[in-house]
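J.: Would you mind keeping the following structure in view while I ask a few things?
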Amino acid sequence: MKSLAATAKDLSLTSIYNDIRKDLEDVESEIKTFIRSPNSLISEIGAYMTRSSGKRMRPALLILCSKLLGYRGNKYILMSTLVETIHSASLIHDDIIDNSKLRRGQETVHHRWGPNVTVLLGDFLYIKTIARSMESHYRDISHLIIDCTSQMIEGELTEFSKSGDLALTEAEYFNILKKKTASLFAISCRIGGILAETSPQNLNALTEFGTNLGMSFQIIDDLLDYTGNEKKLGKPVLSDLNEGRITLPLISTYNNLERPLRHKLKDLIHHEPLEKGHQEEILDLVRSNGALDYTIKKAEEYSLRSKEILQRFPPSDYRKSLEHILDFILTRSK
């Protein structure tokens, strides 16, 4: 039997998405139409944003979960567009808060057009998404989108309030991840089940599956800030830390250090600016105490829970694709 690493090495999102490629192409077209506006500035920024489309993992999960349960309509195109637009709006606001200059290898909207225009654009996308969901006949989906948006903003605010705080606990960190990231993965999967008109038990299982997958995804994302390659990531290594974001590798490191080194780590992360020499010292501390392995282990635990939940559903190519997404998340490099 192949190891996980060997199996995942053979995977790419292109191959995983093979059975839903046409659907995702339709989602891409719908996103471009959805963002378009009579306002020339909105259309200009929207066109710029869609030049780099990202992984489109949330639409893929929504489509795969609907097909897993036998859905044969095409409402998932609109619903996938809505969840991906929420994701885009959240990234726009994140970049303002973090003062990020790069996203997916290109200038952030905030850095190119300034914070005033960008915060209004993010608000516009949130409101347009919620309004469009309420125009549909799926009121339960509208409520999910509204609740999820609220959770994501709450998670962002909590994270911002804990900026640079090494006293952040694992429980607090996981709660931030659940609201800020995993909530949107969870509703993407649940919406797929709603479209398929599945049972409450299946809806809850899909929600739990998406939550655990989202937790695994974000933990690996946080790990890559310490282990990734700048060219592949499309942003500098340690950019999260530079923005004051305290994540699991640093929480684990701090908890494992003796008091003198804890003081040293505190001093290092509060240097402004965080120069290359300071970054190397921080990386040395993180690499030397098992924090990276611990972080991977936590991501694997969440991924395993998701895989166990998938076993409740009948075998199919769609279930296999969902399993492959889990494998891909654990071994991705960007």
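The values are calculated or read from the model by the stated rules, or taken from the named source; none is laboratory data. Just so it is clear, the structure is predicted and the values come from calculations on it, not from any experiment. As a convention, Cβ positions derive from the backbone with ideal geometry for all residues, glycine included, and neighbour counts pool all protein chains shown.
J.: Looking only at the range 148-181, filter to residues that are small (Gly, Ala, Ser) and in contact (Cβ under 8 Å) with a residue 40 or more places away in the chain; which one of those is farthest from Asn256 (Cα to Cα)? Don't jump to the end; show me each part of the working.
T.: Taking the range 148-181 first, the residues small (Gly, Ala, Ser) are 150, 155, 161, 163-164, 167, 171.
If we keep only those that are in contact (Cβ under 8 Å) with a residue 40 or more places away in the chain too, we end up with 163-164.
Values: Ser163: 20, Gly164: 18 Å.
Filtering first and then ranking leaves Ser163.
J.: Considering only the range 103-161, state which residues are of a type in the set (Lys, Arg) and surrounded by 15 or more Cβ atoms within 10 Å (Cβ to Cβ).
T.: So in the range 103-161, the residues of a type in the set (Lys, Arg) come out as 103-104, 112, 128, 132, 139.
Selection gives Arg103, Arg104, Lys128, Arg132.
J.: Kindly indicate the residue of the range 198-231 that is touching a residue at least 60 places away in the same chain (Cβ under 8 Å) and acidic (Asp, Glu) and also surrounded by the fewest Cβ atoms within 10 Å (Cβ to Cβ) among those meeting that condition.
T.: Glu208
J.: Next up: From the list Ile42, Ile63, Ile31, Ile77, which one is more than 24 Å from Thr14 (Cβ to Cβ), among the β-branched types (Val, Ile, Thr) and in a helix (DSSP H, G or I)? Step through it out loud before you land on a result.
T.: Values: Ile63 fails: more than 24 Å from Thr14 (Cβ to Cβ); Ile31 fails: more than 24 Å from Thr14 (Cβ to Cβ); Ile77 fails: more than 24 Å from Thr14 (Cβ to Cβ).
After ruling out the rest, the residue left standing is Ile42.
J.: Going by the structure shown, is Ile251 modelled with pLDDT of 95 or more, surrounded by fewer than 23 Cβ atoms within 10 Å (Cβ to Cβ) and under 24 Å from Ser161 (Cβ atoms)?
T.: Numbers: modelled with pLDDT of 95 or more: yes; surrounded by fewer than 23 Cβ atoms within 10 Å (Cβ to Cβ): yes; under 24 Å from Ser161 (Cβ atoms): yes.
Taking the combined requirement at face value, the residue satisfies it.
J.: Among the listed residues Asp284, Asp317, identify the single one that is loosely packed, with under 14 Cβ neighbours inside 10 Å, of a type in the set (Asp, Glu) and closer than 30 Å to Ser53 by Cα.
T.: Details: Asp284 fails: closer than 30 Å to Ser53 by Cα.
Sole residue among the options that is loosely packed, with under 14 Cβ neighbours inside 10 Å, of a type in the set (Asp, Glu) and closer than 30 Å to Ser53 by Cα: Asp317.
J.: Which one of Leu69, Leu78 is within 17 Å of Ile191 (Cβ to Cβ) and under 21 Å from the mean Cα position of the chain (by Cα)? Steps first, answer last, please.
T.: Numbers: Leu69 fails: under 21 Å from the mean Cα position of the chain (by Cα).
One residue alone meets the criteria, Leu78.
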